[in-house]
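First the structure, in the form of structure tokens, and then the observations on it.
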Amino acid sequence: MAREAAGDQPATLSRDVGYFRIGDAQARLRERCGLTRRTLVSAASRPGSTSPRLYFLSLLALSLVLMAPVLTHVLAADTAAWLKVLVVFLASIGVSQLAGTLVNRVSAFIVAPHLLPRMDFRGGVPLEAKTLVAVPTLLSSVAAARRLVDELEVRYLANRDANLVFALLTDFTDAPEASLETDAAILAAASEGIETLAARYGSGRFFLLHRPRVWNETERVWMGFERKRGKLADLNVLLLGRRSDMFSRIVGDQEQLRGVRYVITLDSDSQLPRDSARELVATMEHPLNRPRFDAGRNIVTGGYGILQPRVASALPQGGMSPYARLFGGDAGIDPYTRAVSDTYQDLFGEGSFIGKGIYDVDAFERVTENRFPDNRVLSHDLLEGCYARSGLASGIELYEVYPQSYLVDAKRRHRWIRGDWQIAEWLLPHVPGARGERASNPLSALSRWKIFDNLRRSLVPIALVALLVIAWFCLPAPAFWAAFVVEILIVPAIVDLALAIAGPRDEGGAFEAFKRLLGDAAHRVAQIAVNVALLPFEAWLSADAIARTYWRVHVSRRRLLQWAASSNVQARERNRLGSSIAAMWIAPAAALAIGLLLWHRGSFAQALPWLAAWF
């Protein structure tokens, strides 16, 4: 069949037997083999065969089921009609979180995981698949520059290959002037470090690609153009041989960059385990995974322009903090911090890009060049993954240090929420273009759902806190609503434990399995307790990020690219009780204010457990 179909599809695809065995032509193979409907393997066994419509209908149906007792209770209450509508709206946001969690958990339990096919590159990456491992980052100090060089060396030592090259892709930090007195020493330290690596391991393997600061009128600061998105765009132009004047300093033999087909982009704190770079290239090179385009919409609709590996928590120097131990290993479908989830990949054959992975330079540049407006897109990773079609290579793993304090994690999520709301227009039929014009939205229903789901998730803590406050002051049965919020928080943990009990047993006997379940249950209880205590601050965090985004997008049109590297935030943030209280003042202040008002009304006892936790 592969020989017969050589003219139907691109040659690299049609000649691969996997196209008929596990690809889009699987139905033709079954027909050729004479299989009847009664003996056919379910279509759901093929990766990405689930219809997004079925997924959305499942979410809607479960949400309606969960909302039924809420609607019955609200309709029976003797309250104003406008208040009933408001309460139902807030409750539906909370229910959507529970329904989404349950559908994703059950889907991951039922649907068999599928690993993407890959080539056998045990002998090394071939020349035609030459790959650059790039670390877009900021040069903030001489010590930081030297540390970045040392970490690049570690990545190289774990991934030695004749056709893998490594580069630091750098900007200086934002400044009030085009250049600072410290810039020369910082750049010299980075340059000397790259030259030292080249002398130690051979020239042509290591590069420093540094851009100058440019004036940004909307940010009112000198900075690297478009931050990380701009760095990668300039890198692509350089690799495609169009121009190189975007970089003020290039260290390394530029001729060795010719022929680079793929780029593995990493954050400055990303660890690249042994041979993982080769495995990523081997997966991208497989004929079934190579990108195929929709010429009309100019996006990738088959194969993948980007592959996102799994991201697991690494053990930092000095060990993990209590916060990181409590939340660092929690799996889910959060497209930012929980890349281990493969629900989207297994159901739809498509994942979410979170900024660390491998991409096809030509395909990536083809679908993203001149597609996004300047000084507008902060969460560019998600959009790039939608345009270039991102897949999750769940069999390949990278490591990152999880935030060691809650405040560092909160600031990171505040930036993500701002970025998500800045791209909310990509839900509409027409989206902003690169030159201020409006263009037809090319994104699929699934891609728009990913954007919408991020927005919905950011509203959940706001809705739950608002629902509790309204229940205490305006509704006849506040205990019902307290129980409703508890259900939203604890049911996912109960489902996880139930699935663990129903799942396959590890070796070690019943006693060891029971002990692990008890440990997991205690871990979940601790997470729920912390989530309850942090609920008002989480609501404030989301509300602040959403309000700032609305003001900046529609009124001031400034500071839309406000961003700080997680490593820099981690270094500045002091994990002390005093700083935590100062940063999270809204939680005890809200608890005190609400408590005093409830005390005055004589209903303080009903809310006492929640208010005590918040205070």
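The values are calculated or read from the model by the stated rules, or taken from the named source; none is laboratory data. Please read all numbers here as calculations on a predicted model, not as lab measurements. Virtual Cβ from ideal backbone geometry, glycine too; neighbours counted across all protein chains shown. Just the protein is used for accessible areas: all its heavy atoms, side chains included, with ligands, DNA and RNA removed. Shrake-Rupley method; radii C 1.70, N 1.55, O 1.52, S 1.80 Å.
Some values worked out for this structure:
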{"read-out": "Qualifying residue in region 441-452 (condition: of a type in the set (A, V, I, L, M) and open to solvent by 40 Å² or more (accessible area, probe 1.4 Å))", "value": "yes"}
{"read-out": "Qualifying position, being modelled with pLDDT of 95 or more and open to solvent by 10 Å² or more (accessible area, probe 1.4 Å), among R147, R220, R211", "value": "R147"}
{"read-out": "Check on R366, open to solvent by 20 Å² or more (accessible area, probe 1.4 Å), in contact with a Gly (Cβ under 9 Å, 6 or more places away or on another chain) and modelled with pLDDT of 95 or more", "value": "yes"}
{"read-out": "Residue in region 94-113 that is open to solvent by less than 50 Å² (accessible area, probe 1.4 Å) and of a type in the set (F, W, Y) present", "value": "no"}
{"read-out": "Some residue of region 485-499 being hydrophobic (A, V, I, L, M, F, W, C), closer than 30 Å to G296 by Cα, open to solvent by less than 20 Å² (accessible area, probe 1.4 Å) and modelled with pLDDT under 95", "value": "no"}
{"read-out": "Unique match (being open to solvent by less than 20 Å² (accessible area, probe 1.4 Å), over 30 Å from D362 (Cβ atoms), in contact (Cβ under 8 Å) with a residue 60 or more places away in the chain and of a type in the set (A, V, I, L, M, F, W, C)) among A129, A175, A167, A91", "value": "A91"}
{"read-out": "Every residue from region 49-88 that is open to solvent by 40 Å² or more (accessible area, probe 1.4 Å), assigned to a helix (DSSP H, G or I) and small (G, A, S)", "value": "S58, A61, A68, A76, A81"}
{"read-out": "Single match in R412, R376, R457, R438 (criterion: under 15 Å from the mean Cα position of the chain (by Cα) and farther than 30 Å from V70 by Cα)", "value": "R412"}
{"read-out": "Pair list, Cβ under 7 Å, 6 or more apart: region 95-124 residue farther than 30 Å from L467 by Cα, other residue charged (D, E, K, R)", "value": "V111/D346; P113/D342; P113/D346; H114/D346; R118/E279; M119/E285; F121/R278; G124/D161"}
{"read-out": "When residues of region 369-414 are limited to those that are assigned to a helix (DSSP H, G or I) and aliphatic (A, V, I, L, M), the one surrounded by the most Cβ atoms within 10 Å (Cβ to Cβ)", "value": "L382"}
{"read-out": "Qualifying position, being assigned to a helix (DSSP H, G or I), in contact with a Ser or Thr (Cβ under 8 Å, 6 or more places away or on another chain), closer than 30 Å to P478 by Cα and modelled with pLDDT under 95, among V103, V95", "value": "V103"}
{"read-out": "Residue within region 237-253 that is open to solvent by 40 Å² or more (accessible area, probe 1.4 Å), in a loop (DSSP other than H, G, I, E, B), under 16 Å from A167 (Cα atoms) and among the basic types (K, R) present", "value": "no"}
{"read-out": "Lone qualifier among V281, V260 - being in contact with a Phe, Trp or Tyr (Cβ under 8 Å, 6 or more places away or on another chain), in contact (Cβ under 8 Å) with a residue 24 or more places away in the chain and either part of a loop (DSSP other than H, G, I, E, B) or crowded, with 21+ Cβ neighbours inside 10 Å (or both)", "value": "V281"}
{"read-out": "Of all residues in region 560-577 being out of contact with any Lys or Arg (no Cβ under 7 Å at 6 or more places or on another chain) and either open to solvent by less than 50 Å² (accessible area, probe 1.4 Å) or within 15 Å of R413 (Cβ to Cβ) (or both), the one that is modelled with the highest pLDDT", "value": "Q562"}
{"read-out": "Yes/no for I417 being in contact (Cβ under 8 Å) with a residue 60 or more places away in the chain, within 20 Å of A539 (Cβ to Cβ) and either among the aliphatic types (A, V, I, L, M) or not in a helix (DSSP H, G or I) (or both)", "value": "yes"}
{"read-out": "Selection from region 290-319 of residues that are open to solvent by 40 Å² or more (accessible area, probe 1.4 Å), closer than 25 Å to G395 by Cβ and of a type in the set (A, V, I, L, M)", "value": "L315"}
{"read-out": "Close pairs (8 angstrom Cβ cut-off, 6 or more residues apart or separate chains): in contact (Cβ under 8 Å) with a residue 40 or more places away in the chain and part of a loop (DSSP other than H, G, I, E, B) in region 287-303, open to solvent by less than 40 Å² (accessible area, probe 1.4 Å) and among the polar types (S, T, N, Q) anywhere", "value": "G303/N289"}
{"read-out": "Residue in region 545-555 that is under 30 Å from A493 (Cα atoms), at pLDDT below 95 and either in a helix (DSSP H, G or I) or of a type in the set (V, I, T) (or both) present", "value": "no"}
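For every residue, the table says whether it meets (1) touching a helix residue (DSSP H, G or I) at 6+ places or on another chain (Cβ under 6 Å); (2) under 29 Å from V281 (Cα atoms).
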| site | (1), (2) |
| --- | --- |
| D360 | no, yes |
| R376 | no, no |
| A388 | yes, yes |
| E400 | no, yes |
| I417 | yes, no |
| S440 | no, no |
